[in-house]
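Here the structure is laid out as structure tokens; the discussion comes afterwards.
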Amino acid sequence: MIRLKIIHNLLLIILLLSSFLITNCFATKFNQKSYANTAFLIRLDGAINPGRAEFFLRALKEAQIEKASCLIVELDTPGGLLVSLRKMVKAILSSSIPVIVYVYPPGARAASAGALLCISAHIAAMAPGTNIGACHPVTLFGSLPKHSTMAQKLENDLVAWAKSIAAREGRNTKWVEEAIKNSISTTDKIALRKHVIDIIAPDLDYLLKHINKKIITIRDKKITLHTYPYKLKTLTPNISEQILSLISEPNIAYVLLMIALVGLYFEFAHPGAILPGTVGAISLLLSLFAMQALPISVTGLLLIIFAAILFVLELFITSHGVLTIFGIISLFLGSIFLFPGGKTGVGISGSVLYPTFIFITISVIIITYLATKASLLRPKTGKDAIIGKIGFIQKLINDDEAMVFVHGELWKARLDKKAQKGEKVLVKDIKDMLLIVEVIKKHEEE
């Protein structure tokens with residue numbers, strides 16, 4: 001009887017454990033299925049810059065953490081910064097989940113940096129009526145001279161990099177080279193025919209349905225896509241990414257830095273103005289926030305800081321404008337060197353640099369002049385306020401002392417000679433609240 005009870009209890013325990021394991025198995029499978037069928041979606045609309053790159057990197061990281069089936073990037077861009085593009089491509093190449101770049105909606109384009117982002121994706125798709133291409137490298141100064149050494153180096157480097165990415169995904173390397181060297185642009189149908197993209201899809205549902213079960217390579221391993229049916233999770237840029245997208249254009253970052261320089265310098269020269277200093281401080285923080293994501297030259301930034309130091313020293317040292325002149329030279333050189341456009345493709349447009357520099361130069365000269373003039377005209381107080389003033393004797397105390405009215409006040413004074421009531425005196429010095437005065441005779445006045 002006891003043995004039967006023990007066996008019964010053991011069977012009951014085994015049954016409970018089995019039920020738990022089976023339930024857990026199904027739950028795990030269900031959870032994996034729910035994760036596997038979740039597609040993350042972001043939209044990149046506009047120039048590729050540090051703000052949009054940060055948004056893309058965050059979205060890809062979140063998608064990998066949640067083990068999403070894929071990250072879909074709806075793309076419509078005229079191009080952007082090469083440094084931002086390289087960060088995005090590196091993230092795609094090291095991603096553990098598929099990245100799908102979809103040029104959408106109809107009428108959108110993937111030009112320049114956008115085309116290279118598209119060919120780096122595990123799945124490249126386009127909507128009908130879109131185009132891709134025109135990848136010739138330019139800086140913000142404009143196109144470099146075609147046969148210059150710098151232009152050839154930049155072009156050859158970009159061609160080699162882009163071809164290696166295209167080859168990795170089995171795409172048309174010859175077309176990529178033509179798109180970079182000759183700026184060719186291609187419609188969606190031609191792009192599909194020339195193996196630049198993988199599919200033309202009128203909408204997202206069509207895209208995910210027709211790439212389902214497709215075999216792709218991720219980290220040198222073959223995997224099968226599971227994209228249909230799907231759940232969609234849409235991500236949007238946070239506030240910092242939106243601000244960074246707005247201000248991370250090099251021209252705007254430079255203008256903000258110059259506004260900061262003028263605002264803070266004005267506040268330093270005229271303490272208590274408040275508004276210029278506040279605007280300058282905000283502009284400085286925004287410009288530094290932008291430049292932390294941009295490739296800047298330390299030499300250029302140090303030259304601008306040195307210029308600001310020279311401007312401030314001009315307020316305390318009588319250099320007759322020498323410090324200001326050298327500060328302007330340092331500011332000009334720093335502005336040119338701040339963004340090394342030839343090396344990175346990031347630079348300040350001449351149409352922004354020169355007018356801004358001229359405006360800043362004029363502003364600094366005016367502020368310095370006003371500050372210097374104000375210091376010269378600053379009202380004197382104490383001893384300096386009364387020495388050199390002319391007053392008159394109001395009352396004689398004795399032959400050597402009298403009460404004199406000077407600078408709107410009545411003072412006790414020591415006379416240098418005998419004088420009479422009403423005669424004028426010139427204050428020469430003051431000792432222990434006693435004025436030392438010189439009597440001015442009438443014939444001396446004449």
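The values are calculated or read from the model by the stated rules, or taken from the named source; none is laboratory data. Since this is a predicted model, take the numbers as computed values, not measurements. Here the Cβ positions follow ideal geometry from the backbone for every residue, glycine too, while neighbour counts run over all protein chains shown.
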_Looking only at residues that are outside any helix (DSSP H, G or I) and modelled with pLDDT of 95 or more in region 40-56, which one is farthest from A113 (Cα to Cα)?_
F40
*When you go through D198, D157 one by one, which is the residue that is within 27 Å of L232 (Cβ to Cβ), of a type in the set (D, E) and either surrounded by 14 or more Cβ atoms within 10 Å (Cβ to Cβ) or modelled with pLDDT under 95 (or both)?*
D198
*Consider E249 carefully, then state whether it is under 29 Å from S164 (Cα atoms), within 36 Å of the chain's Cα centre (by Cα) and at pLDDT 90 or above.*
no
*Kindly list the number of the only condition in (1) more than 21 Å from E249 (Cβ to Cβ); (2) in a helix (DSSP H, G or I) that fails for Y354.*
(1)
*asked:* Among the residues of region 313-325, what is the count of those that are in a helix (DSSP H, G or I) and surrounded by fewer than 17 Cβ atoms within 10 Å (Cβ to Cβ)?
replied: 3
_Scan region 66-88 and tell me whether some residue there is crowded, with 22+ Cβ neighbours inside 10 Å, at pLDDT 95 or above and in a helix (DSSP H, G or I)._
yes
*asked:* So, in region 167-213, exactly how many residues are touching a helix residue (DSSP H, G or I) at 6+ places or on another chain (Cβ under 9 Å), over 17 Å from A108 (Cβ atoms) and of a type in the set (S, T, N, Q)?
replied: 2
*farther than 19 Å from G334 by Cα and either free of Cβ contacts under 8 Å to residues at least 24 places away in the same chain or among the polar types (S, T, N, Q) (or both) - does that describe any residue in region 297-317?*
yes
_L232 - would you say it is free of Cβ contacts under 8 Å to residues at least 40 places away in the same chain and not polar (S, T, N, Q)?_
no
*In region 181-194, residue farthest from P229 (Cα to Cα) [restricted to those that are assigned to a loop (DSSP other than H, G, I, E, B) and either modelled with pLDDT under 95 or not assigned by TED's automatic domain parsing to the domain that holds A121 (or both)]*: N182
*Tell me which residues, restricted to region 86-98, are of a type in the set (A, V, I, L, M, F, W, C) and closer than 14 Å to F55 by Cβ.*
M88, A91
*Within region 396-409, which residues are of a type outside the set (D, E), more than 12 Å from I386 (Cα to Cα) and assigned to a strand (DSSP E or B)?*
L396, A402, M403, V404
*If you check Y228 against the conditions, is it of a type in the set (F, W, Y), buried (at least 16 other Cβ atoms within 10 Å of the Cβ) and within 19 Å of L41 (Cβ to Cβ)?*
yes
*Selection status of S375, at pLDDT 80 or above and not basic (K, R)*: no
